[in-house]
Structures are given as C-alpha cells and as structure tokens.
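Input: one structure, supplied below.
The values are calculated or read from the model by the stated rules, or taken from the named source; none is laboratory data. Everything quoted here is computed from the prediction, not taken from an experiment. Here the Cβ positions follow ideal geometry from the backbone for every residue, glycine too, while neighbour counts run over all protein chains shown. Protein only, heavy atoms only, side chains kept; ligands, DNA and RNA dropped before computing areas. Shrake-Rupley method; radii C 1.70, N 1.55, O 1.52, S 1.80 Å.
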Amino acid sequence: MATISSLLADHVTLGVRSVDRVFLQGYVPRLMTEGQVIRFLLDRGFPIPSPAVLGKIGRGYVDQINQFIADNEVPVVRFVKGDVKEEIAREHFKRAERDGRYGVVMVGVCQEKTSAWRGWRDGGPDGHPHFVYRRQSIFPNNYYFYIRDPDWGPSFIKTVAYAPWPVWVYLNGNEWAKQQAAQQGITFRALDNGFAACEDPATLAQICHSLSAEDVRLFFERWPGTLASPLTDEDHQRGYRHALALRQLEISDTRVFDRPAAGRAWFEQTLPDQLTLGRPDQAAVIFGRRVTRQTPGRFHTKIFHRGTEAAIQIHYRASKVKQYFKEGRALRTETTVNDTRDFGVGRLLTDENWAKLIDIGHQINQRLLDHQLDACACAPDATLLERVVLPSKHDGLPAPGLRFGEPRTMALLACLCSYQHLFAGLTNRTLRELIAGLIPGYSARQMTYDLRRLRRKGLIGRIPRTQRYELTSEGRRLAVFFTKTYTRIVNPSLAELDPQLPAEIAGRSPLASSWRAFEHALEDKIQQAAIAA
C-alpha cells in the first residue's frame, strides 16, 4: 500500500515553490499627522490650511479618474453588496487576453470603509481661522483599476479620493512567473494560480526564486504614473510620495500528482493524523515561533471541506498555513502572512523584509510537510521495541518499561504527540496538564517518575541549563507509533472481539467473524482431544 511518503516520491510530476498573492498598502509618510497635513496645504500655496482645500483636491482627482476612463474607453462596473469582484474582473481579463491587450481592462467602483482626514474650524478670527484635523472612518467611493500587466498579468490598484490618499496593490507571484516563462518561450500548462506541467522545471524554479521586491516596486512606479493621481510632480519633488507596506503575503508549495487518485489517497492518509495526533491548541512548531501564555491571538488547527475535498488550516496569531487539493490535481501548501510583525519582520517593502518573509514562508510549508511525513514513517525495529516496553538499564540506573496498552503509558505517549512540544519543549507542568485531562488525579510526583523513565528510555532529553525537556526524533517516532497502533488497531479490534457483540453486527466484521470461527474451531479441537483421551 502506498504511503504519503511514497505518494510524494513516486507520483509527483512537478513541484513549484513560489510567491503567491501579494497585497500591499501604499501610504504617504509625510501625511500621517495633523501637522504634516497642514504643512502639505501650506506647501501647496494656501495660506489658510482649510479642509475645503482637501475637498477641492479630491474632487479634482475624481475628475481626473473620469477623464482617464473616458479617454481610454475603459468599462466601469459599480459593485453592489454580494458581488464577487474577482469573478467580475476575470471576464474582462479573459477578453483582454484574447485580444492581446495590456493595460486597464476595467474600473470598479464601490463604497468601502476608509480612514481619512477630516477637518473643522476651532476658533481664530475670520481673517485667519484655526483648523484642526483628525482621522475618521468614512465610506467614500473606492476605485479599483484592474490591470493586465505585461510582467505581472492580472493585478489591480485600489485608490480613494480622500486624504491621505492611500492606495492598495494586488499582485500574484504565480501569474508573474507565468508571464516570465512565456516571455522566455518555456512551454507550460497552467493551473488557476499555478502550474500543472512545465517542459523545463529547473528554469521555472529559477524564475520563481528570482522574484524580488524590486519587481514589485517597478510595477508600482509604472502604473501610478499612467493613472490619475492627486499628487502633482511638485508634490513629489517636495517629498510627498507613496511608500509600500506589506499587508498580506502568501508563499506556496505546489506538488502536482500524476493522477487525481494519488492526490486523494495522500489526503485520505494524512487527515487522520491531523485529527488524532497533535491537533494542537498551539502551532508553534509549524510556524517556528515560541508560544507562551502571554502570546496574543488564537492557535488552532482546523479541518474542513471544500465541496468533496478536504483541507487543513493551522493558525498562528493573524497568520496561517493551509493545505488543500487544488483542482483535483495538486497538493498546495500555502503560508499566509497577514501581519509581518507576527514573525518579527517590518512591514515596509524592503529587500531585507521581502527576503526574510519568503524564507519564513518556505520554512513553514516545509515543516508542515516534514511533520506529516514523520507521522508516516514511525514503525520501530524489534530490538528498539523490546528495549522500550521491557525494563532495562541506562548508565547503570533502572529504566522501567513503557508497557504497551497500560492506560497510564498510553496517555503519556499520546500527550507526547502534541505539536507544541516539538518547538517549545516540555516541562513537568505542561505535560502533566495534558495527561491530567486524560487521567484525573494524575500528580506531579507521578509526572516526575514518568519523565525519569522517558529520559532513561531515550524518548526525551534535558535542554542544557533549563528545567525543560525536548523530544528526541526517536521519541516522537515511538510515541506516534504506539498511539496510532493503540487507537487505530487495538481499541477498534477489541470492540469487534467483544463476546457481547450481537451476532448480526459481528457478522459484518471480518475480524469478528474470523475470531469467532477460530474460537469454535479451538473448542472443537479441545473436545476431540478430550474424547480421544
């Protein structure tokens, strides 16, 4: 029978590691405070920094947008509640692709909540009134410019006509890679937001790896210069320019199977491990971040279905990693960073921050896959199994056996499977709290005894100069093996072998039927032996 390890090794025809969705916010650093807004209006030549001036600039910006739409004959769609913007824009992108056109393919308009500067008079003589400014939430028109870019493919820029004139930029790294591969003449077959096949996987991997923050900056420098802008060239010369901040970044790992059945088999074998082994309340090991009681946010694993296909999500603070079966062909593992500060990285789009986040995303994806594969390859050899279950000696000290099937031993090993121990380590207290949930009244003294025998059996090791322990690779493998064997084989089998099981139910169980047939045959043999005697 194929394992999840062999399915990835023998049935994957293409592997692609790349940046996926990129969502950025552009803001003007010199318009972030009340004093800066007043300074901007004074720089514009207005001796009285009235909020009416900001309104005039905004109306002029809207006029520029309308003129751009008219000059370029761009279709306009006014979004209403319930519209899926991406689906509406997709038809315009397809039409532009058929026509071989690049540029703005559609402008969408909708009212959305936005933080903007609002001002009002606060004293002063009529000849020179005093105005104050505060940030408030309003619902102005937001303009979505959907762009088919020669380097990035489908993308959009969202803007608003109210100061401080923020912009939002959406790009897709997989679509960028498709454009680069096509420009280099590489033949490929596309997935939605990915690749299904490629004649030159090595070059494709180099293309995906080469995507940089500079490519993002070049896009942003190119299009705002073409589209309307509330900031003039003189404003730019005075330092009023947009800076880009990372609001969401997705890094994906895609493994395309040779046939759909192989992918479905992978998920069927993987999901039980996620449900019964280490479905954690903390996902520190996957995200490579230590989680304590003071760490804000939620940490949990979620198994859900998209139609008939299952998916896995593991959350860490504002970020998450998810895994799903894409278009019935590919295993997609995808880390989404919604707040770069979750990982101690700045938000500004710099070469350093970009490189750190890409590396973090790939590490998270790989750790998730590695731990799934570890859960598959857990069967020990006979010598190791004997050393663990029977009493032994370690450095001349007795090491009591971990007897398979004993309730306390099974609870102890099941709790060792928790993912939180893989990164944060474990202590008497953290492990005892888990075991006490399975064995009421479990004491600190019992925990001390169990930690001692786990250590002498080589399942855990003390972290130097601390009171914490860490699982050894052998320890996790044995804990997973014992727990899987007990919960998936022994317990279900004992239920089927129950003598009180009704005959009509036992008849539907091959194991129960075989066991009862064996019992009858054994009884017959005993009776015959007694008669012969």
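Please compare each pair in Lys56/Lys113; Lys94/Lys356; Lys85/Lys113; Lys81/Lys158; Lys113/Lys320 to a cut-off of 23 Å on the Cα-Cα distance and tell me which ones are over it. Provide the component values of the computation, followed by the final result.
Details: Lys56/Lys113 21 Å; Lys94/Lys356 35 Å; Lys85/Lys113 16 Å; Lys81/Lys158 18 Å; Lys113/Lys320 25 Å.
In this structure, Lys94/Lys356; Lys113/Lys320 lie more than 23 Å apart at Cα.
Using Cα pairs under 8 angstrom and six or more residues apart, how large is the relative contact order of the chain, in percent? List each step's numbers first, then the result.
Numbers: 826 pairs, mean separation 76.0, N = 533.
Result for the chain is 14 percent.
Next question, about the same structure. Of the options Gln184, Pro440, Thr383, report the single residue whose Cα projects farthest towards the positive end of the charge dipole of the chain (beta-carbon charges: Lys, Arg +1; Asp, Glu -1).
Pro440
A further question follows. Report, to the nearest whole %, how much of the accessible area of the stretch 124-192 belongs to carbon and sulfur atoms, 1.4 Å probe, protein only.
Values: 1380 of 2690 Å².
The C+S portion of the solvent-accessible surface of the stretch 124-192 is 51 percent.
Here's something else I'd like to know. If you take the charge dipole of the chain about its Cα centre, with +1 on Lys and Arg Cβ and -1 on Asp and Glu Cβ, which of Phe145, Ser392, Ala479 is farthest toward its positive end?
Ser392
To one decimal place, what orientation-averaged projected area in nm² is obtained for the convex hull of the Cα set of the stretch 50-178? Please list the in-between numbers first.
On the way: hull surface 39.0 nm².
The directionally averaged projection comes out at 9.8 nm².
To the nearest 20 debye, what is the magnitude of the charge dipole of the stretch 383-443 about its Cα centre, counting +1 on the Cβ of each Lys and Arg and -1 on the Cβ of each Asp and Glu?
60 debye
Output the peptides 165-172, 435-442 sorted from most to least packed, where packing is the average of other Cβ atoms within 10 Å over each peptide's residues. Intermediate values should be presented prior to the final figure.
Details: 165-172: 21.5, 435-442: 13.4.
With the highest mean Cβ count within 10 Å placed first, the list reads 165-172, 435-442.
Right, here's the next one. With Cβ to Cβ distances under 11 Å as the rule, what net charge do the other residues near Leu501 carry (K, R +1; D, E -1)? Walk me through the intermediate numbers first.
Working: positive: Arg508, Arg516; negative: Glu496, Asp498, Glu504.
It works out to a net charge of -1.
What value does the stretch 112-188 have for Rg/Rh, both radii from Cα atoms and Rh as Kirkwood defines it?
My calculation of the ratio gives 1.33.
Of (i) 141; (ii) 440; (iii) 247, which one was derived for volume of the Cα convex hull per residue in Å³ from the structure shown?
(iii)
How much area per residue is accessible in the chain when the probe is 1.4 Å and only protein heavy atoms are counted (Å²)? Mind dumping the intermediate values first?
Numbers: 26640 Å² over 533 residues.
Per residue, the chain has 50 Å² of solvent-accessible surface.
Sticking with this structure for a sec: Treating the beta-carbon of each Lys and Arg as +1 and of each Asp and Glu as -1, no other charges, what is the dipole magnitude of the chain about its Cα centre, to the nearest 20 debye? Please list the in-between numbers first.
On the way: 71 positive and 58 negative charges, 382 e Å.
Computed about the Cα centre, the dipole is about 1840 debye.
222 nm [θ] for the chain, helices only, -39500 (n - 2.57) per DSSP H run of 4+, per residue, to 500? The partial results should precede the final answer.
On the way: 20 runs with 228 residues, N = 533.
Dividing the helical sum by the residues of the chain leaves -13000 deg cm²/dmol.
Could you tell me which of Leu246, Gln363, Phe404 has its Cα farthest along the dipole of the chain towards the positive end, charges placed at Cβ (Lys, Arg +1; Asp, Glu -1), taken about the Cα centre?
Phe404
Counting Lys and Arg as +1 and Asp and Glu as -1, each charge on the Cβ, what is the dipole of the stretch 207-259 about the Cα centre in debye, to the nearest 20?
Working: 7 positive and 9 negative charges, 28 e Å.
Rounded to the nearest 20 debye, it is 140 debye.
Report the net charge of residues surrounding Tyr486, where surrounding means a beta-carbon distance below 12 angstrom and charges are Lys +1, Arg +1, Asp -1, Glu -1. Present the calculation step by step, with values, prior to reporting the outcome.
Values: positive: Arg403, Lys484, Arg488; negative: Glu406.
Charge balance near Tyr486 sits at +2.
Wrap a convex hull around the Cα atoms of the stretch 361-515, take a quarter of its surface area, and give that in square nanometres.
Numbers: hull surface 50.1 nm².
Over every viewing direction, the Cα hull of the stretch 361-515 projects on average to 12.5 nm².
Starting with the highest mean, order 475-483, 389-397, 146-154, 257-265 by the number of other Cβ atoms within 10 Å, averaged over the residues of each peptide.
On the way: 475-483: 22.8, 389-397: 11.4, 146-154: 20.6, 257-265: 16.6.
Top to bottom by mean Cβ count within 10 Å: 475-483, 146-154, 257-265, 389-397.
Sort 237-250, 73-86 by packing, meaning the average of other beta carbons within 10 Å per residue, with the highest value first.
Working: 237-250: 17.7, 73-86: 11.5.
Descending packing order for the listed peptides: 237-250, 73-86.
OK, next. What is the distance in Å between the Cα centroid of the stretch 226-256 and that of the stretch 330-397?
Rounded to whole Å, the Cα centres lie 34 Å apart.
Here's a follow-up. What does the charge add up to near His362, with Lys and Arg as +1, Asp and Glu as -1, over the other residues with Cβ less than 9 Å from its Cβ? List each step's numbers first, then the result.
Working: positive: Arg17; negative: Asp253, Asp359.
Summing Lys and Arg as +1 and Asp and Glu as -1 gives -1.
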